[in-house]
Amino acid sequence: MTFELQATDKNSWARAGEITTDHGKIQTPIFMPVGTVGSVKCLHFHELKEEVKAQIILGNTYHLYLRPGLDILQQAGGLHKFNTWDRPILTDSGGFQVFSLADNRKISEEGCTFRSHIDGSKHLFTPERVMDIERVIGADIMMAFDECPPGDSDYKYAEKSLGLTERWLDRCFKRYKETEDENGNGLYGYHQSLFPIVQGCTFPDLRRRAAEKIAAMDVEGNAIGGLAVGEPTEKMYEMIEVVNEILPTTRPRYLMGVGTPANILEAIERGVDMFDCVMPTRNGRNGMLFTKHGIMNMKNAKWANDFSPIQEDGPCEVDRIYSKAYLRHLFHAQEFLALQIASIHNLAFYLWLVGEARQHILAGDFKPWKDEMLRAVTTRL
């Protein structure tokens, strides 16, 4: 994998670049739709490509390990062959999912023992095991196995957790190197990159320590984790700044699990290149639409007789085909089509938003555009 930094905004840390993987190129800043179990909820892949214009999607190690399981994935030739997505894929390590199991997991130096949310069966994730699983899945970008502590963790717990994450990181990279061939490729004959994850909760000194260790590793890309897990938004922005002062500018920076359109704009301004979040699809399925004019709740009575397009100047075809009144009707009738339309719209908007940010970075006027767009995307319509 390579990363070409193409432009940096003169009034902020915002950057435009291009990542090249063995499954294609990714223009940054980029938003990555979440395909947890190998599919993005409610969307066909042709809709992801043609309507949403997705360049890369996510899969999740924890969920894919449990279903369909490693035997099926390896027999298929990896996730790309199994689900037929022929563009880049990134897999989360499953650390966040295991963290969210709380009552059904136990963390030790060896790894994390947990019980499946499906059938209660007992499993052990170690750094080595997770690397092996991610090799079988075959994503272009793999994430290191880490502990994701709660946003309100005290300093003592956060420091202990970071120490564990750092020791696990060393084990991840050792196993990663052991499982590549003489050409640096994985199981299926193409290269897989491994990104370490900066943790440290909301403590600047811990974040700096983590970022310095990771920067010294000089790997192909880096991630910022453990944010948007309950801490105040301003504290999240502060931690991004602390970390991005240290992480190398020559490598892509991935902010995990974030967030709202406003969060994404603020993080781009602070030098982040890659984003993922379930918000556009999850909120969409509940009737919330994000647009460049503001936020709409499509279940509200105010749209009942509004026969204008969902968004006449929207980024995808469904915006112009269907009316607000019709979409509201579908939600109230509990029709699956409502979930599909809303998911397509929201993902297309997120991809449009980062694409526009990229164009304004290249044009040199990102900051005034971002300030104006920030006001718009936080307005309730």
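Nothing in this text is a laboratory measurement; each read-out follows from the coordinates by a stated rule. From a predicted model like this one, the values you see are computed outputs, not experimental measurements. We place every Cβ from the backbone using ideal geometry, glycine too, and count neighbours over all the protein chains shown.
Compared with the alpha-carbon gap, the fully stretched path from residue 6 to residue 20 is longer by 3.7 nm at 0.36 nm per residue.
Would you mind pulling out the separation of the Cα centroids of region 266-289 and region 193-217, in Å? Taking the Cα centre of region 193-217 as reference, the centre of region 266-289 is 23 Å away. Look at the dipole of the chain built from charges on Cβ: of 236, 79, 252, the Cα furthest out on the positive end belongs to 236.
Expressed to the nearest 5 percent, the antiparallel share of DSSP beta bridges inside region 1-149 is 70 percent. Taken along the Cα-to-beta-carbon direction at a fixed 7 Å, the label points for residue 205 and residue 323 span 6.3 nm. Label sites at residue 304 and residue 115, each approximated as a point 7 angstrom past Cα along Cα to Cβ, lie 4.7 nm apart. DSSP finds beta bridges in region 207-318, and of those with both partners inside it, around 45 percent are antiparallel. A straight chain from residue 365 to residue 84 at 0.36 nm per residue would run longer than the Cα-Cα distance by 97.3 nm.
Residue separation times 0.36 nm, minus the C-alpha to C-alpha distance between residue 101 and residue 250: what's the value?
Details: separation 149, 0.36 × 149 = 53.64 nm, distance 3.56 nm.
Additional length available on full extension: 50.1 nm.
For a paramagnetic label modelled on residue 160 (point 7 Å from Cα along Cα→Cβ), amide N atoms under 16 Å away belong, within region 187-210, to 200-201. Here the Karplus relation 6.51 cos²θ - 1.76 cosθ + 1.60, evaluated at θ = phi - 60°, turns the backbone of region 48-60 into coupling constants of 4, 7, 8, 8, 6, 6, 5, 9, 7, 10, 9, x, 10 Hz, with x for every Gly and Pro. For region 141-212, the alpha-carbon radius of gyration amounts to 1.30 times the rule-of-thumb value 2.2 N^0.38 Å expected for a compact globular protein. Computed from label points 7 Å out along Cα-Cβ, the spacing between residue 286 and residue 178 is 4.3 nm.
Which percent, nearest 5, of DSSP beta bridges in region 30-276 are antiparallel?
Details: 8 of 28 bridges.
So the antiparallel bridges in region 30-276 amount to around 30 percent.
Within the chain, the whole DSSP H helices whose Cα atoms reach 27 Å or more along their own axis and whose mean Kyte-Doolittle score is at least -1.0 are 336-363. Sorted into 10 angstrom bins from 0, the C-alpha pair distances of the chain split as 5, 24, 33, 26, 11, 2, 0 percent.
Rounding to the nearest 20 debye, state how big the charge dipole of the chain is about its Cα centre with +1 on each Lys and Arg Cβ and -1 on each Asp and Glu Cβ.
820
Close amide-amide hydrogen proximity is noted between residue 17 and 6, 28, each under 5 Å apart and 5 or more residues distant or on a separate chain (H modeled in the peptide plane; Pro and chain starts excluded). With θ taken as phi - 60° and the Karplus curve 6.51 cos²θ - 1.76 cosθ + 1.60 applied, the whole-hertz 3J(HN,Hα) list for region 279-289 is 4, x, 7, 5, 5, x, 5, 9, x, 8, 10 Hz, x standing for glycine and proline.
Over all directions, average the projected area of the Cα convex hull of region 254-339 and note it in nm².
Seen from a random direction, the Cα hull of region 254-339 projects 5.9 nm² on average.
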